[in-house]
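As structure tokens, the structure follows; a few thoughts come after it.
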Amino acid sequence: MIREARAVRMSDAEAARTSEVEIRVVVRDVITALAPEESPLLDGLAVLDDATVMRQLTRRTRGEPLGFGLGETVALATPVIWIAMDQAARRFGETVTDGATRVIAKLLRRNLDRRTAATVMPPLSREQLGEVRRLVLETAARHRLSEARASAIADAVVARLALHESEQAGTQPAAPPGQGPASSPETQER
Amino acid sequence: MGAAMAVPAPRTTEKPLVAGTTLRFAVLIVLLLVSSGSMMWIVTADGLTQVPDAYGCLLAAGGDPVQGDAANAAVAAAHNAAYESCQASHNPVPAWWVILVWPLLLVLFSSLVFRLLPRWKARRARLVPLSIVDRDGEIGGELSALAARVGLPATPRVLVAPAKASTSALVFGSNRRPWVCLHGGLLVQRAEDPERFQAVVLHEFAHIRGGDVTLTYVTVALWRVFLAVVLLPFVAWYAANTTASARSPYWHAEEPGIVRQFVFASAMVALVYLARSDVLRSREIYADLAAGRYGASRRYWALADPQAAPGGLARGWNSFTEIWRTHPRWEKRREAFDDPKALFTEGTLPTFLAGAAALLITSQLDSYLGPSVANSPGADDAIALAGAVVVAGIAGLVRWRAVLHALQTDRRVTSGTRTGLSLGVGMTFGALISSQVANLQWLPTQPEYLLLVVLAGTAFAWWTTQCAHLWLSVRRGRTVRWTMAPVVVSSVVVLWGWFAWWQTTGVSLAVNGTGADRWRLVLEQEFPGPSTAHQGILLVIAVVWLNLIWLNHPIAMAALVALCAAPLSAWFVALTAEAYRTVREQFTGILVWEAPRPPLRRLLIAATLGGVVGWIGAVDAMAFMHTWQASNGAQSGLFSLIYLAWVFVGLAAGMIVASAVSVALGDHRFSLVTAVIVTEAAALLGFAGWYVLAAADGCLGPLNTMATQCEWRPGAASGLARQLVGPIQLTAPGMALASVTIAIAFHRATSLGRGPVTYSTMRVTPDMTLVRRIWAGVVVSAVLGAVAANGLILAQNGTSGSKMAAAELGQVLQPGSPSPRLRTRQIGYWYNYGGLDIMTRWNKDFRRLSSALTKAADTGTGQISDTVFPPLCTALLHDTQSAKHYFPVPEPGIESQWASFIAKAQEAGRGCLNSFSKEDGDLFLASMKQFARATDTLGSVEHGINAVIHPGKH
């Protein structure tokens, strides 16, 4: 009996994992499509864990001795997408860790090289996708991206997430909020 | 003036002479090292002796901590030997190695931090290797090409901050192994705008090429270690100590010192940040200009900082915040491309910081090296020299650069007043926060003497500016460095004199005041004679003269020679046609040629006039003293002193005339330097005239002063002259400075005096014929030779005025009547810090003497052994000497008994020893009785003391 129950729980966990997406994957896909010039930066960020990336992206740049000086800042898409996705992931779900092995690995990492688990975006409802879009637009405004570019990025992010939803559900891709049919009841329940 | 140049001015570059920023870094490092030693030495010394015992020796000497610095310094000076010996045994100073251990620790830890800093920085900012971002190696290739363009021996190690969106970069590490960090924003922009990428990288590479990296990060490492190892423990120690001190009966005296330590710690933080940011801002502009030379496009400096300049309060706030930043405003950086003015006119901050650093370095070295090297000759002078190098190297160079830039761009040469005031204020600030002029009180006893520091800073800036202006004018078109070097060396010597004076006489004046009344009393005691009719002149002697006795110091002589030689030797230089500036005359519009220096003739006229007036003044003094000679018929010590004082006043009148004429007739560009030369020359001329009369004293009829018989007496005149020459020579630059200050204060120097000499046709031939050159040489050598020779005479025959003063000071001191509690503490410390020890030793030795006597009596022979008794008497005499060299008892009633004990004991001891040499049995017996009486008296002293410190038992 115990063995059966464990088997059921494991299959639930597998089902949950397959419906999630790591936010760095979404960032990579959107950047490749919309801002390929930023791809080298993503290569650089790829060697860092998500928590570190977030700390670095949100840390204020200070004037350092022998720097060129704090002049112009380029309106990059990468920090906008990453920060907005991270906020959304925190709001809509928890950073998913997979079983006891992951917990141990996490502890070990935290103590050894302070790496933490990847931030994962849970499956989202239509309203939640709308919220993600709003978050991207807000963050883009803070990062002084033009409105047109901000909305292109926001749309691409939502499309990428919806595509993921549809791939997982095996149905039609969920249209961005206000642009197409409602997402699947399964997603809405969550 | 103010005319436009007919000939276009040469375009200025940023590097016609050294920038001096390396020296500023070095000063910062020295300040941190010295402060580490000094601060931890204080903590260690305080740890060895806790309050209130720290004041034990002062109390034993009859002092009272709450009476302030001057009163206690006088008490300590009055019993100098006893005080020093008491301090040595009861307030031990830390071992000599403590002086070195903290600076060494600082160096050790800093070198460790310096080595680890690049890795730590890269790790903390999560920088990634360039290869991860630059897979095809394109960026790496470009960086190598740029490094080769700049002339770097190898491409630096490059890292990337992928999360940084700014288009910036950064260099750290060391000059030999630099690490460059490129921000993500810069890399993204590179494809779209490769020139921007190049501009930023070239700026960073220029930092490496300019050698900025090691110095910057050595300072960063030193500062962090200083903060952790010195500043925080120092603050923590004083914070913990404050509670203990607050319970001390001397809290009132402790409070200013403790608060000052906190102010000092905060000021150190501010000074280090300001100094480092200030130098870095200069280095940024140098890197910008270098990047421009290597091919960076200037438009990237124009793109940055789009915000409009604010006005009013916001501007003030921005100016304040700017001085803390490591980068200048973009607006300033942009301007520097067109005109590197910012590098030449650096404002008042560097000089303020230089003044503060110089005073902090010298005063701290003085206070913590003082006890260890007090007896080693030249230690004080070496410390003073360090201060001189700091000020001359930073403030002097600031003025040289400002003058050079003004001359190169045909701008008006500013007087240097702002630089000088900031230097003076900086030095004053340093003196105030470092406890140099006040210890047991908030402000020095005579704070007005701090104005002398401000004046000295200002005078130095004026003098340097005018020397620079003069030399750059006469050597126009020639190598600036070689023109500047000898004058900067002279300015170091001048400042050496100032720092040596300030550390000794100046600080003493601020702490104790001139003590005019005390000095006058000393004079009257030293030179007995009828003086009641001459109180005024005695005051002049007391205030002016005796405070100038410091001049017998050899450095003073060197400083005086340098003060005159640096500008005067400019008249040696043969002028080339290039030295004459071509200007369009303001009103007529006609071209004229402007002479680079005023004619020597003008200086000679003013000096001669002053010399003659001074000589007449000296003659007047002789005539006046002749009348006194007739009425008193005696030439006592005081008589000759008053005579010399009147001669001094007479010669001073000549100096006033000389300096005033020099300022009024001279070239306003060089008002101070010419006034100094003229006044010094006038003083020496008048002095020489008086010397001839003094040597012929006795043959002068109504002018006979010291002698009544006619005879040529150069020896006697020299004896008097030695007393006079020092004050005269030191007063001359003071008079010149006063005249120029008055002129500037009331008229502004520019509207006073004449302008430069102009010619309507160009003088193609140099103006210095051989005859003129010889003539100039003779005059210059005569003045300098006279100054040097007189100084030398003085140095060899120096009077010991200061020592005399210290010894006499205590005798004329009028102690107040202390409270019973204070009296109890004073007597308690007197007893415990030496009195009890002396009494115990005496009683023990006396018991040995008594038992020897008893033994001799018991043998029945009545034989007094000359092997037994003389050593016993010597031991008692030795105890008496200890008592004599100890402090008097700080209670008049007991002190009279103590003095009586000493007198009796001395008499007994001498009598005992004499009785053996004379083989006089009666004398021996008398001495034994006297020993017994002395012991009785000592018993009364002990009883009296116990009655005061243990009142309940009596």
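The values are calculated or read from the model by the stated rules, or taken from the named source; none is laboratory data. Everything numeric in this text was worked out from a predicted model, so none of it was measured. Cβ placement follows ideal geometry from the backbone for every residue including glycine, while neighbour counts extend to all protein chains displayed. What goes into the accessible areas is simple: the full protein's heavy atoms, side chains included, and nothing from ligands, DNA or RNA. Shrake-Rupley method; radii C 1.70, N 1.55, O 1.52, S 1.80 Å.
Values computed for the structure shown
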| quantity | calculated |
| --- | --- |
| Scan of segment B:121-134 for residues that are open to solvent by 40 Å² or more (accessible area, probe 1.4 Å) and either more than 7 Å from every other protein chain (Cβ to nearest Cβ) or of a type in the set (Gly, Ala, Ser) (or both), ordered by number | B:Arg123, B:Arg124, B:Pro129, B:Ser131 |
| Subset of segment B:280-296 that is open to solvent by 30 Å² or more (accessible area, probe 1.4 Å) and outside any helix (DSSP H, G or I) - its residue that is farthest from the other protein chains (Cβ to nearest Cβ) | B:Gly295 |
| Some residue of segment B:208-219 being in contact (Cβ under 8 Å) with a residue 60 or more places away in the chain, buried (at least 20 other Cβ atoms within 10 Å of the Cβ) and within 30 Å of A:Leu76 (Cα to Cα) | no |
| Residue count, segment B:154-186 (criterion: of a type outside the set (Val, Ile, Thr) and at the interface with chain A (Cβ under 9 Å from one of its Cβ atoms)) | 15 |
| A:Pro79 vs. criteria modelled with pLDDT of 90 or more and at the interface with chain B (Cβ under 8 Å from one of its Cβ atoms) | yes |
| Any hit, segment B:922-933, residues being out of contact with any strand residue (DSSP E or B) (no Cβ under 7 Å at 6 or more places or on another chain), under 26 Å from B:Tyr83 (Cβ atoms) and of a type outside the set (Asp, Glu) | no |
| Filter result for B:Ala302 (over 26 Å from B:Thr458 (Cα atoms) and within 12 Å of another protein chain (Cβ to nearest Cβ)) | yes |
| Lone unmet requirement of (1) in a helix (DSSP H, G or I); (2) surrounded by 20 or more Cβ atoms within 10 Å (Cβ to Cβ) for B:Pro890 | (1) |
| Breaking point among (1) aliphatic (A, V, I, L, M); (2) closer than 22 Å to B:Asn80 by Cβ; (3) in contact (Cβ under 8 Å) with a residue 12 or more places away in the chain, for B:Ala934 | (2) |
| Conditions (1) more than 25 Å from the chain's Cα centre (by Cα); (2) farther than 30 Å from B:Asp193 by Cβ; (3) within 14 Å of chain A (Cβ to nearest Cβ): number failed by B:Val272 | (1) |
| Of all residues making up segment B:324-338, the number that are touching a residue at least 24 places away in the same chain (Cβ under 8 Å) and either open to solvent by 50 Å² or more (accessible area, probe 1.4 Å) or closer than 18 Å to B:Trp400 by Cβ (or both) | 6 |
| Looking only at segment B:345-371, and only at residues there that are in a helix (DSSP H, G or I) and touching a Ser or Thr at 6+ places or on another chain (Cβ under 6 Å), the one that is modelled with the lowest pLDDT | B:Tyr368 |
| Positions within segment B:697-734 being open to solvent by 20 Å² or more (accessible area, probe 1.4 Å), small (Gly, Ala, Ser) and within 23 Å of B:Met557 (Cα to Cα), in sequence order | B:Gly715, B:Ser718, B:Gly719, B:Gly734 |
| Total residues in segment B:629-659, condition at pLDDT below 90 and either part of a helix (DSSP H, G or I) or open to solvent by less than 10 Å² (accessible area, probe 1.4 Å) (or both) | 14 |
| Breaking point among (1) open to solvent by less than 60 Å² (accessible area, probe 1.4 Å); (2) hydrophobic (A, V, I, L, M, F, W, C); (3) closer than 22 Å to B:Ala45 by Cβ, for B:Phe262 | (1) |
| Some residue of segment B:920-928 being in a helix (DSSP H, G or I), touching a Phe, Trp or Tyr at 6+ places or on another chain (Cβ under 7 Å) and open to solvent by less than 20 Å² (accessible area, probe 1.4 Å) | no |
| When residues of segment A:44-70 are limited to those that are open to solvent by 30 Å² or more (accessible area, probe 1.4 Å) and facing chain B (nearest Cβ under 7 Å), the one modelled with the highest pLDDT | A:Val47 |
| Criterion (open to solvent by 20 Å² or more (accessible area, probe 1.4 Å), at pLDDT 60 or above and either more than 14 Å from chain B (Cβ to nearest Cβ) or assigned to a helix (DSSP H, G or I) (or both)) met by exactly one of A:Arg144, A:Arg160 | A:Arg160 |
| Candidate set: segment A:21-43, residues that are more than 19 Å from A:Asp86 (Cβ to Cβ) and either within 7 Å of chain B (Cβ to nearest Cβ) or at pLDDT below 90 (or both); chosen: the one surrounded by the fewest Cβ atoms within 10 Å (Cβ to Cβ) | A:Glu37 |
| B:Gln189, sole failed condition from (1) among the polar types (S, T, N, Q); (2) open to solvent by 10 Å² or more (accessible area, probe 1.4 Å); (3) more than 7 Å from every other protein chain (Cβ to nearest Cβ) | (3) |
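A quick yes/no check of all residues on (1) assigned to a helix (DSSP H, G or I); (2) closer than 20 Å to B:Thr464 by Cα; (3) touching a helix residue (DSSP H, G or I) at 6+ places or on another chain (Cβ under 8 Å); (4) open to solvent by 10 Å² or more (accessible area, probe 1.4 Å):
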| position | (1), (2), (3), (4) |
| --- | --- |
| B:His405 | yes, yes, yes, no |
| B:Asp410 | no, yes, no, yes |
| B:Val413 | no, yes, yes, yes |
| B:Gly420 | yes, yes, yes, no |
| B:Gly424 | yes, yes, yes, no |
| B:Met427 | yes, yes, yes, no |
| B:Ala431 | yes, no, yes, no |
| B:Ala438 | no, no, yes, no |
| B:Gln441 | no, no, yes, yes |
